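K.L.:
Once you've had a glance at the structure underneath, I'll fire off some questions.
The values are calculated or read from the model by the stated rules, or taken from the named source; none is laboratory data. Predicted, not measured: the structure shown is a model, and the values here were computed from it. Note that each Cβ is placed from the backbone with ideal geometry, even for glycine, and that neighbours are counted across all protein chains shown. Only protein heavy atoms, including side chains, enter the accessible area calculation; ligands, DNA and RNA are left aside. Shrake-Rupley method; radii C 1.70, N 1.55, O 1.52, S 1.80 Å.
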Amino acid sequence: MGTIREDVFLGTTEKYNQKLEILSKMAQPEKWTYKKIQDKDPYRILRNYIQFTYNRVDEEKKFIVSLDKKYRCMNTGLLTVYNQEIVAIFVENEREGMQPWFFNGFFKETDKFFTTNFSVLPPLADYCDNAKDLIYDNKLELSLRKEHIIDDNFERFVEAGYSSKELINVLLDSAKGTLEKKLRRNFKLALPFYYRNTDTGECKIQLLAPLYFPGAPVRLALVLNKVQSDAKEYYEGVTVLPVEWAYMNARLIVKPDEEWAKIMDEIDTVSEDDSIQMGIDKIG
């Protein structure tokens, strides 16, 4: 499987950000960075989205190539305000010793540069075989694998402001009850996440849901596995992620709903050195 940085010369950070700015203005409005780094890195989420969409399109072999083989194109999965498809076009790189492709830019499906070189739209990236896996089923029970959640992720709780395992244990019970009430009223609160284990190659859909600790803004998200046993089917909370990671990773499949946008607006700190990479974190 190729990656965008291995395959494509993106240009300088400044030039690439200019193209991301064009895309952000072309696409339907949404949150493309975090509040705290808005000025320094205004397209953190969008850059991650394009990177991993490219990787998935490459994995599924869903690029289309022009008749003269000089251009190839992928569907970004984004739409304009008038619901036109937005594509990314790559040009054959003639410079030796460089990546085989040069990133030309983002275009609407009606743009002349696209229609001149391609006769069909590239297909969307796909992440699962069963659409039911993308939606939280509130008929199923939710349990927590507490030892794994607390012991294996204690540093994340500390970074979120909680340093007592006994207190975290109690807060998790409270957060679980609140989350179940909210999910019964808004199943879209649980965001689908495409997880790839880089060691085993295993791929699956997990769900990410906010952890509502009493009296505090949401800083962590609970990762849910759907478990199928001989006895029953249920959800199991297996680990936690910082909400910034959760939002960024989930955006690959869906645009988070309004409550997630509010959660992100409440966050007042974020590490500017965070490297958010899906598949790195071993989450069960």
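K.L.:
Are any residues in the stretch 228-284 at pLDDT below 50, closer than 18 Å to Pro217 by Cα and of a type in the set (A, V, I, L, M, F, W, C), and if so, which ones?
P.N.:
Quick first cut of the stretch 228-284, residues at pLDDT below 50 only: 269-284.
In the following step, the residues that additionally are closer than 18 Å to Pro217 by Cα were identified as 269-271.
Val270, the sole residue that qualifies.
K.L.:
Residues to consider are Tyr194, Tyr162; find the one that is of a type in the set (Ser, Thr, Tyr) and under 20 Å from Ala125 (Cα atoms). Explain how you work it out, then say what you get.
P.N.:
Values: Tyr162 fails: under 20 Å from Ala125 (Cα atoms).
Just one listed residue meets the conditions, Tyr194.
K.L.:
Scanning for something aromatic (Phe, Trp, Tyr) and assigned to a strand (DSSP E or B), does the stretch 226-238 turn up at least one residue?
P.N.:
Here is the first cut: in the stretch 226-238, the ones aromatic (Phe, Trp, Tyr) are 234-235.
The next check asks that each one be assigned to a strand (DSSP E or B); those that pass are 234-235.
So far as the stretch 226-238 goes, yes, one or more of its residues are aromatic (Phe, Trp, Tyr) and assigned to a strand (DSSP E or B).
K.L.:
For the stretch 103-136, give me the residue count where each residue is in contact with a Phe, Trp or Tyr (Cβ under 8 Å, 6 or more places away or on another chain) and without any contact (Cβ under 8 Å) to a residue 24 or more places away in the chain.
P.N.:
Residues in the stretch 103-136 being in contact with a Phe, Trp or Tyr (Cβ under 8 Å, 6 or more places away or on another chain) and without any contact (Cβ under 8 Å) to a residue 24 or more places away in the chain: 1 in total.
K.L.:
Among the residues of the stretch 80-112, which ones are of a type in the set (A, V, I, L, M, F, W, C) and either assigned to a strand (DSSP E or B) or in contact with a strand residue (DSSP E or B) (Cβ under 6 Å, 6 or more places away or on another chain) (or both)?
P.N.:
First, the residues of the stretch 80-112 that are of a type in the set (A, V, I, L, M, F, W, C): 81, 86-91, 98, 101-103, 106-107.
Across the stretch 80-112, the qualifying residues are Ile86, Val87, Ala88, Ile89, Phe90, Val91, Met98, Trp101, Phe102, Phe103, Phe106, Phe107.
K.L.:
Looking only at residues in the stretch 209-238 that are among the hydroxyl-bearing types (Ser, Thr, Tyr) and open to solvent by 10 Å² or more (accessible area, probe 1.4 Å), which one is farthest from the chain's Cα centre (by Cα)? Walk me through how you get there before you give the answer.
P.N.:
Narrowing the stretch 209-238 to residues among the hydroxyl-bearing types (Ser, Thr, Tyr): 212, 229, 234-235.
Okay, now just the ones that are also open to solvent by 10 Å² or more (accessible area, probe 1.4 Å), so 212, 229, 234.
Working: Tyr212: 21, Ser229: 28, Tyr234: 24 Å.
Top of the filtered list is Ser229.
K.L.:
For Leu241, are the conditions met, namely being among the hydrophobic types (A, V, I, L, M, F, W, C) and either out of contact with any Asp or Glu (no Cβ under 8 Å at 6 or more places or on another chain) or open to solvent by 50 Å² or more (accessible area, probe 1.4 Å) (or both)? Full working, then the answer.
P.N.:
On the way: among the hydrophobic types (A, V, I, L, M, F, W, C): yes; either out of contact with any Asp or Glu (no Cβ under 8 Å at 6 or more places or on another chain) or open to solvent by 50 Å² or more (accessible area, probe 1.4 Å) (or both): no.
In short, no.
K.L.:
In the stretch 180-205, what residues are in contact with a helix residue (DSSP H, G or I) (Cβ under 9 Å, 6 or more places away or on another chain) and either closer than 18 Å to Pro256 by Cα or modelled with pLDDT of 95 or more (or both)?
P.N.:
Lys182, Leu183, Asn186, Lys188, Leu189, Ala190, Leu191, Pro192, Phe193, Tyr194, Tyr195, Ile205
K.L.:
Is it true that Thr76 is in contact (Cβ under 8 Å) with a residue 12 or more places away in the chain and part of a strand (DSSP E or B)?
P.N.:
Criteria met by Thr76.
K.L.:
Just give me the residues in the stretch 168-208 being over 17 Å from the mean Cα position of the chain (by Cα) and open to solvent by less than 10 Å² (accessible area, probe 1.4 Å), in sequence order. Outline the logic, then answer.
P.N.:
Taking the stretch 168-208 as the starting set, the residues that turn out to be over 17 Å from the mean Cα position of the chain (by Cα) are 168-187, 199-202.
Answer for the stretch 168-208, where residues must be over 17 Å from the mean Cα position of the chain (by Cα) and open to solvent by less than 10 Å² (accessible area, probe 1.4 Å): Ile168, Leu172, Ala175, Leu179, Leu183.
K.L.:
Can you find even one residue in the stretch 29-46 that is out of contact with any Cys (no Cβ under 8 Å at 6 or more places or on another chain), of a type in the set (Val, Ile, Thr) and more than 24 Å from Lys262 (Cβ to Cβ)?
P.N.:
As a first pass, look at the stretch 29-46 and keep what is out of contact with any Cys (no Cβ under 8 Å at 6 or more places or on another chain): 29-46.
Subsequent filtering for residues that are of a type in the set (Val, Ile, Thr) retains 33, 37, 45.
Now drop any that are not more than 24 Å from Lys262 (Cβ to Cβ), which leaves none.
No; the residues of the stretch 29-46 include none that is out of contact with any Cys (no Cβ under 8 Å at 6 or more places or on another chain), of a type in the set (Val, Ile, Thr) and more than 24 Å from Lys262 (Cβ to Cβ).
K.L.:
Determine which single condition Ser119 fails, assuming it passes every other condition in (1) in a helix (DSSP H, G or I); (2) at pLDDT 95 or above; (3) open to solvent by 50 Å² or more (accessible area, probe 1.4 Å).
P.N.:
Of the numbered conditions (1) in a helix (DSSP H, G or I); (2) at pLDDT 95 or above; (3) open to solvent by 50 Å² or more (accessible area, probe 1.4 Å), the odd one out for Ser119 is (1).
K.L.:
Still on this model: On the basis of being in a loop (DSSP other than H, G, I, E, B) and small (Gly, Ala, Ser), does Gly215 make the cut? Break it down stepwise before answering.
P.N.:
Details: in a loop (DSSP other than H, G, I, E, B): yes; small (Gly, Ala, Ser): yes.
Spelling it out, Gly215 is indeed in a loop (DSSP other than H, G, I, E, B) and small (Gly, Ala, Ser).
K.L.:
Give the residues of the stretch 134-193 that are of a type in the set (Gly, Ala, Ser) and over 18 Å from Ala216 (Cβ atoms), sorted by residue number. Before the answer, list the steps.
P.N.:
Going through the stretch 134-193, the residues of a type in the set (Gly, Ala, Ser) turn out to be 143, 160-161, 163-164, 174-175, 177, 190.
Those that are of a type in the set (Gly, Ala, Ser) and over 18 Å from Ala216 (Cβ atoms): Ser143, Ala190.
K.L.:
How many residues are touching a residue at least 40 places away in the same chain (Cβ under 8 Å) and either touching a Lys or Arg at 6+ places or on another chain (Cβ under 8 Å) or closer than 15 Å to Pro192 by Cα (or both) if we restrict to the stretch 214-233?
P.N.:
Our first condition is that a residue be touching a residue at least 40 places away in the same chain (Cβ under 8 Å); within the stretch 214-233, this holds for 214, 216-220, 222-226, 232-233.
Subset that is either touching a Lys or Arg at 6+ places or on another chain (Cβ under 8 Å) or closer than 15 Å to Pro192 by Cα (or both): 220, 222-226, 233.
Total satisfying the criteria: 7.
K.L.:
Hey, among the residues in the stretch 27-45 that are surrounded by fewer than 18 Cβ atoms within 10 Å (Cβ to Cβ) and assigned to a helix (DSSP H, G or I), which one's modelled with the highest pLDDT?
P.N.:
Of everything passing the filter in the stretch 27-45, Ile37 is modelled with the highest pLDDT.
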